[in-house]
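The structure appears below as C-alpha cells.
The values are calculated or read from the model by the stated rules, or taken from the named source; none is laboratory data. These numbers come from a predicted model, not from an experiment. Every residue, glycine as well, gets a Cβ built from its backbone with ideal geometry; the counts of neighbours run over all protein chains shown. Just the protein is used for accessible areas: all its heavy atoms, side chains included, with ligands, DNA and RNA removed. Shrake-Rupley method; radii C 1.70, N 1.55, O 1.52, S 1.80 Å.
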Amino acid sequence: MKVFFITKKTILFSIILILFFVGTFSILHTSTLLSVSAPDNSILSEELADKITNLPKAKEKVAYLTFDDGPSPNVTPKILDILKEENVKANFFVIGKYVDSYPEITKRTYEEGHFIANHGYDHDNKVLYRSDSSFMDEIRKTDLAISNAIGVENYSSHIFRFPTGYMSSHHKVQKKNCLKLLSQMDYTYIDWNCLNHDSVKKYSKEQLLGNLKKTMKGKDTLVILMHDTKFVSDSSIALKESIQYIKSLGYTFDNFYSLF
C-alpha cells in the first residue's frame, strides 16, 4: 500500500489555488449580473432611439407594463409583490424627488429586475420647460438620485417620459425643442398606446380593468400606462386581474432591458 504525504506547502498552494478560482468566478458572475441589470451606458444609436420611441407601433404580441410617478410607499411595494407573484418584469418611470425620499423602494424595484426610467425630478412643467438647462438638469438630477439609490455609478436609463406624454398638446413647442436636448444626452422618449385611466378619476377594480380592455383592443404590442401612486385611482387593486387577462390573450410580458 502506497502512503502519500501532504506537506504544508502543498496545502497552502491548494488553498491559494481554490481562492483564486472562487474569486475569478465571483468577478465574472458579478459582471454578468451587472450587464443584465443595467442598460449599456454607451452612446444611444439613432436606430435604437427610434425603435424605443416607436415601440407602441410594433407588431409583436408583447406587453410592456409602465408605471409613472413613483416610487410611493403605499402603492409601489404592493405592485412589486403582484409582479413577483405573476413573474412579470415591468418598467418604472420614476420622479427624482421621490427616489430621494424612498431610495429603498427604488433599490428593491431595480434588484427585482424591473427597468428604472426617467420621468424628471419635480414633475413640474414650469420647472421642466423653464429653459434648456433646466430641462437637462431635471434629467441629470433624476439619474443621480437613481444612481445613489441603487448603487450603480453614472446610471442612465436612456429613456425619458414627458409628463402628460409627448403626444399631449400641452407645451408642444417646448417638447419639440427638447427632443434635440434628449439626443445630446443619449436619451430618447416613449409614450404609451393603452391605459386604464387611473389618473383621471376614482375607479373601481372592474372599471380599471374595463378601461384597459377598451384601450388595448386591436393593438399588437402594448405599452401600458399605469401609475404606482394613489393620487386618484390605485392601479394595484386591478393589477393581478389585468396581467392575467393580458396573458389569457396570448401576450408575453417584457421590459425595456430586452431592447438594449
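The radius of gyration of the Cα set in region 35-148, together with its Dmax, comes out at 14.9, 43 angstrom.
Proximity of backbone amide H atoms, modeled 1.01 Å from N, is registered between Thr164 and no other residue at under 5 Å, excluding neighbours fewer than 5 places apart on the same chain. For region 54-142, the carbon plus sulfur part of the accessible surface works out to 46%, probe radius 1.4 Å.
Amide H contacts under 5 Å for Ala63: Leu222, Thr252, Phe253, Asp254, restricted to partners 5 or more places along the chain or on a different chain, H placed in the peptide plane at 1.01 Å from N. Ligands, DNA and RNA left out, the accessible area of region 193-256 computed with a 1.4 Å probe is 53% carbon and sulfur. Residues whose amide H lies under 5 Å from that of Phe92, counting only those 5 or more places away or on a different chain, are Phe67, Phe115, Ile116, Ala117; hydrogens are built 1.01 Å from N in the peptide plane. A simple rule links phi to the HN-Hα coupling: the Karplus curve 6.51 cos²θ - 1.76 cosθ + 1.60 with θ = phi - 60°, which for region 52-63 gives 5, 4, 8, 4, x, 9, 5, 9, 6, 8, 10, 10 Hz, with x for Gly and Pro. Sorted on the mean count of surrounding Cβ atoms within 10 Å across their residues, most packed first, peptides 206-214, 116-124, 72-80 read 116-124, 72-80, 206-214. For region 97-217, taking Cα atoms only, Rg and Dmax work out to 15.9, 44 Å respectively. Computed packing ranks the peptides 188-200, 89-101 as 89-101, 188-200, most packed first, by mean other Cβ atoms within 10 Å. Entry comment: accessible area of region 147-250 is 47 Å² per residue, from protein heavy atoms only and a probe of 1.4 Å. The string of couplings for region 245-260 from the Karplus curve (6.51, -1.76, 1.60, θ = phi - 60°) is 5, 5, 4, 5, 8, x, 7, 9, 9, 8, 10, 5, 4, 5, 8, 8 Hz, one whole number per residue in order, with x for Gly and Pro.
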